[in-house]
Amino acid sequence: MEAVISSKRTPKIRTLCLLCLMIGLVSSTAFALDPMGPPVAGLAEGQMKAGFDYSRSSMDLELNNGTYTEFIDGVFWSAGELQSFILKDFEAGRAYMNLGYGFTDNLEAFVRVGGTKGTFGDSIEGSAEEFTSGNELAVGGGIKATFFEQDGLELGGLIQGSWSEYHGKLDSPNWFWPDFVEMDMLEVQLAFGARYTWEGRFSVYGGPFFHFVSGDLDDTTGELVELDFGEIGNRERAWEIDEDSVFGGYFGAQLELAENCSFNIEYQTTAAADAVALSLMFRN
């Protein structure tokens, strides 16, 4: 692999410039969908790949089965249920290192390890609040399979999943107490579709997909009012996270930049989410 990369210095520089440009173009796009790439296997038996994935998206999330518990000076005061609602425009960017292996010519598997950062605003309290997480861990993996191949046309499917978490402070100019949010999310994407390749260098791909989300959001509030006997008025709230829309579609393009080096760009959409994703891959 190192010999391939070093012998193609000019294409490599061009690739990295293109990648930086594309990231700049999509960085303001309204993301937590992961890159999918072609819905077919892309490795021969025993072949390996290594590369970089990036995605940015925005989605609406359902927060259901909410509960709250209130304390006064650390002593239980009250508890109850909360109404379900839609958390609007949860935006996240994710960057992964991707490693894959071809078990057969028609079946490959891959794993991802990387980081993510998320934001949302004015959804929980409706008080001009804004949440921004730190740089958090994200991991994932999946499999791809080719079911049919003839004259440049391939049909197949993929299933992939990822887990991520987000921790940060919920700020608003309208209150003076600290408010901290923790989110953890498990996502699964299932896609079926096709790829068509011209002369082994350029291909287009896409198809329908399903996107499932499961997780939890915890919100802890503590007022900064203090009496002689200590702090008062803290509250803990929790909701279950679900996707607001399951079914969607995606399309993309793949270009072979050099021998054993490819670049992908794609767009994914559901009724409640949109994402742009990029991938740069090297194969041995």
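From Met185, Met97, grab the single residue that is in a strand (DSSP E or B) and surrounded by fewer than 19 Cβ atoms within 10 Å (Cβ to Cβ). When all the criteria are applied, what remains is Met97. Do we find a residue being aromatic (Phe, Trp, Tyr), at pLDDT 90 or above, over 30 Å from Glu70 (Cα atoms) and in contact with a helix residue (DSSP H, G or I) (Cβ under 8 Å, 6 or more places away or on another chain) anywhere in segment 200-221? No; the residues of segment 200-221 include none that is aromatic (Phe, Trp, Tyr), at pLDDT 90 or above, over 30 Å from Glu70 (Cα atoms) and in contact with a helix residue (DSSP H, G or I) (Cβ under 8 Å, 6 or more places away or on another chain). Does Gly157 qualify as being of a type outside the set (Lys, Arg), touching a Pro at 6+ places or on another chain (Cβ under 7 Å), over 23 Å from Ser58 (Cβ atoms) and part of a strand (DSSP E or B)? In short, yes.
With respect to Arg112, is the statement that it is part of a strand (DSSP E or B), closer than 22 Å to Gly249 by Cα, within 25 Å of the chain's Cα centre (by Cα) and not small (Gly, Ala, Ser) true? Here the answer is no, as Arg112 does not meet what is asked. Kindly indicate whether Phe148 is part of a strand (DSSP E or B) and modelled with pLDDT under 95. Criteria not met by Phe148.
Within segment 170-199, the set of residues being modelled with pLDDT under 90, charged (D, E, K, R) and more than 30 Å from Asn106 (Cα to Cα) comprises Asp171, Asp179. Residue-level analysis places Leu170 outside the set of residues that are out of contact with any helix residue (DSSP H, G or I) (no Cβ under 6 Å at 6 or more places or on another chain), aliphatic (A, V, I, L, M) and surrounded by fewer than 21 Cβ atoms within 10 Å (Cβ to Cβ).
The values are calculated or read from the model by the stated rules, or taken from the named source; none is laboratory data. Here the structure is a predicted model, which means the values were calculated and not measured. Using ideal geometry, Cβ is built from the backbone for each residue, glycine included, and neighbour counts are taken over all protein chains shown.
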